[in-house]
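What follows is a set of notes on a single structure, which appears directly below.
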Amino acid sequence: MRFELSDRSSGDRATPGKITARAVDVYYGAKRALHNITLNIDGNRVTALIGPSGCGKSTFLRCLNRMNDTIDICRVHGQIELDGEDIYAKTIDTVQLRARVGMVFQKPNPFPKSIYDNIAYGPRIHGLAQRGPEMDEIVQSSLERAGLWNEVKDRLKEPGTGLSGGQQQRLCIARAIAVSPEVILMDEPCSALDPIATAHIEELIDELRENYTIIIVTHNMQQAARVSQKTAFFHLGEMVECNDTEEIFTNPRDERTHGYITGRYG
Amino acid sequence: MSKEHIVRSYSEELRRLTTLITQMGGVAEAQVDTAVRAVARRDADLAALVIKSDERLDQYERDIDAEAIRMLALRQPMAGDLREIVSTLKIAADLERIGDYAANIAKRAMVLAQMPPVRPAGGIPRMGKLVQEIMKDVLDAYIDRNLDKAIAAWRRDEELDDLYTSLFREVLTYMMEDPRNITACTHLLFIAKNLERVGDHATNIAETLHFVVVGHSLKTARPKGDTSSFAVVTPQCGPPAASDQEET
């Protein structure tokens, strides 16, 4: 049985201002990686961040769940709010924050554990559930939401690393979902996958936006065009343009955006 | 679109596509010009030439479609490039229709050449001249990406509509004067209608160019001067049919 998310047509509801970034500057040591980024991200929408390598899009993504805190020389200025709450405030527990703002990386990185334990790990350390039927429920529903349940339900005890690349990436998405996040950050989630596995992930992203806010960094502009409703173009640490995806890919306002998406960059 | 593509062959393909449109536009212009001359000179040979050449435009359209579809599939164009390529599909279709109208005018010119001349035929070259000016301006605007020129031409379509409406009335009156004119006049009416339609397709091209350059369609509605759909021409006297019958 497949876990059905609410009907897609009725679920087309954006919630404006889920995440608000205001005047964000990021430095790696003396090098300024992001210049004065101001960006509003709608809830229940997929926002794509595009731009050439080194433009700062991944840096910005990593600001949204304070992953940059793990880099010693990295400093973040400005304000980033999640539901109106400053995520860089002293009172914020980054472990809790990262449960609310989950992340999926470029290379699938399942834990060297069973499929079951890959999913159960997060809920267990966050105290959402312990062993038993309650945890079984979380594992099943997470795998169902990630569209992986039918493929793995008979081998939950096998190692997650034994799955195919595409399955591993969906396992990582299931793992992110298991702690009931509100926002899922995806950094090039399909760049290591073949087109069929990519299509599965894209279909999944489209379904997930019913319940989550998704921000995806991608080099694949066709992918950004396919999966996102909003697209932001980053260039040399600046956010050049953010608009409806349709507008960005048919009629971008800025010459730099146009140059990049039509392959006239540089 | 000042910069070249990083992949040079992409830019070359785009240039080739717009060159095809330019060439096709030139052929379409010549077809309309020749068809109108065939009507004016009552020249059946010239008309036959137009009918024969229509195949060239069909071939251009097939070539442009194939090239545009190939580029859509292989290059996955975005933004200005996407608008450019999609526009060639639309413009090629408009030019192909213009060619069809020219061929139809030529067919009617062949019929008219075998009949005694009728007076309203004098209005056709005037319409033809205006339609050619509009087409020329629109196609030049396409080549130069000159939006002002395209919009000016787009507005002139109203003049063409006015000319058509007045020709329509004239032809109707002439038919009522003498039923023996009806065959020739009906052909004239269709020729005039065809020229009016050529003008409409030329304005379509101007609108498409607007989309290519600006990124959205022309917002204001095109001025409409063709009121012939509402025209009523009542005979001055009773139907001449009764007296005609008495004579025979």
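General remarks:
- Condition broken by B:ALA40, with the remaining ones in (1) at pLDDT 95 or above; (2) more than 30 Å from A:ALA224 (Cβ to Cβ); (3) of a type in the set (A, V, I, L, M); (4) under 18 Å from the mean Cα position of the chain (by Cα) satisfied: (1)
- Pairs where the first residue, in the range B:68-86, is within 12 Å of another protein chain (Cβ to nearest Cβ) and the second is hydroxyl-bearing (Ser, Thr, Tyr) and assigned to a loop (DSSP other than H, G, I, E, B), C-beta under 9 Å, 6+ apart: B:PRO77/A:THR262; B:MET78/A:THR262; B:ALA79/A:THR262; B:GLY80/A:THR262; B:ASP81/A:THR262; B:LEU82/A:THR262
- Here B:THR34 does not qualify as within 23 Å of B:VAL214 (Cβ to Cβ) and away from chain A (no Cβ under 14 Å).
- Per the listing A:VAL179, A:VAL183, the residue uniquely modelled with pLDDT of 90 or more, of a type in the set (A, V, I, L, M) and within 12 Å of the chain's Cα centre (by Cα) is A:VAL183.
- All positions within the range A:70-80 that are under 20 Å from A:ASP187 (Cβ atoms) and surrounded by 15 or more Cβ atoms within 10 Å (Cβ to Cβ): A:CYS74, A:VAL76, A:ILE80
- Options A:ALA129, A:ALA197, A:ALA146: the member that is modelled with pLDDT under 90 and touching a Gly at 6+ places or on another chain (Cβ under 7 Å): A:ALA197
- The residues of the range B:165-201 that are farther than 16 Å from B:ILE98 by Cβ and either among the small types (Gly, Ala, Ser) or in contact with a Ser or Thr (Cβ under 7 Å, 6 or more places away or on another chain) (or both), listed by number, are B:THR165, B:SER166, B:PHE168, B:ALA184.
- Tallying residues that are surrounded by 17 or more Cβ atoms within 10 Å (Cβ to Cβ) and either on the phi > 0 side of the Ramachandran plot or touching a strand residue (DSSP E or B) at 6+ places or on another chain (Cβ under 9 Å) (or both) within the range A:126-147 yields 1.
- Yes/no for A:THR250 being within 14 Å of another protein chain (Cβ to nearest Cβ), β-branched (Val, Ile, Thr) and either within 19 Å of A:LEU34 (Cβ to Cβ) or under 18 Å from the mean Cα position of the chain (by Cα) (or both): no
- Scanning the range B:1-31 for residues being among the polar types (S, T, N, Q), more than 14 Å from chain A (Cβ to nearest Cβ) and free of Cβ contacts under 8 Å to residues at least 24 places away in the same chain gives a total of 1.
Every residue, every condition in (1) touching a Gly at 6+ places or on another chain (Cβ under 7 Å); (2) within 18 Å of B:TYR101 (Cα to Cα); (3) loosely packed, with under 14 Cβ neighbours inside 10 Å, yes or no:
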| site | (1), (2), (3) |
| --- | --- |
| B:LEU14 | no, no, no |
| B:ASP33 | no, yes, no |
| B:ARG37 | no, yes, no |
| B:ALA44 | no, yes, no |
| B:VAL50 | no, yes, no |
| B:GLN59 | no, yes, yes |
| B:ASP65 | no, no, no |
| B:LEU72 | no, no, no |
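- For A:GLU207, the conditions (1) more than 11 Å from chain B (Cβ to nearest Cβ); (2) more than 23 Å from A:SER141 (Cα to Cα) are fulfilled apart from (2).
- Qualifying residue in the range B:76-98 (condition: crowded, with 21+ Cβ neighbours inside 10 Å and in a loop (DSSP other than H, G, I, E, B)): yes
- Filtering the range B:1-20 to residues that are over 14 Å from B:ARG70 (Cα atoms), hydrophobic (A, V, I, L, M, F, W, C) and assigned to a helix (DSSP H, G or I) leaves only B:LEU20.
- Complete set of residues in the range B:68-116 that are over 23 Å from the mean Cα position of the chain (by Cα) and acidic (Asp, Glu): B:ASP81
- When we screen A:GLU81, A:GLU85 for residues that are of a type in the set (D, E, K, R) and at pLDDT 95 or above, the only hit is A:GLU81.
- Yes/no for A:MET103 being free of Cβ contacts under 8 Å to residues at least 60 places away in the same chain, touching a strand residue (DSSP E or B) at 6+ places or on another chain (Cβ under 8 Å), surrounded by 14 or more Cβ atoms within 10 Å (Cβ to Cβ) and on the phi < 0 side of the Ramachandran plot: no
- Elements of type strands (runs of 3 or more DSSP E) contained in the range A:19-86, each with 3 or more residues being under 24 Å from A:LEU204 (Cα atoms) and under 18 Å from the mean Cα position of the chain (by Cα): A:31-43, A:46-50
- Criterion: buried (at least 17 other Cβ atoms within 10 Å of the Cβ), more than 14 Å from chain B (Cβ to nearest Cβ) and in a loop (DSSP other than H, G, I, E, B) - qualifying residue of A:LEU171, A:LEU185, A:LEU193: A:LEU193
- Taking each residue of the range A:84-98 that is without any contact (Cβ under 8 Å) to a residue 24 or more places away in the chain and looking for partners that are not charged (D, E, K, R) with beta-carbon atoms closer than 7 Å, six or more apart or interchain, yields A:ASP86/A:GLN79; A:ILE87/A:ILE80; A:ILE87/A:LEU97; A:TYR88/A:VAL76; A:TYR88/A:ILE80.
The values are calculated or read from the model by the stated rules, or taken from the named source; none is laboratory data. All of these numbers come straight from a predicted model, not from anything done at the bench. FYI the Cβ positions are ideal-geometry reconstructions off the backbone, even for glycines, and counts take in every protein chain you see.
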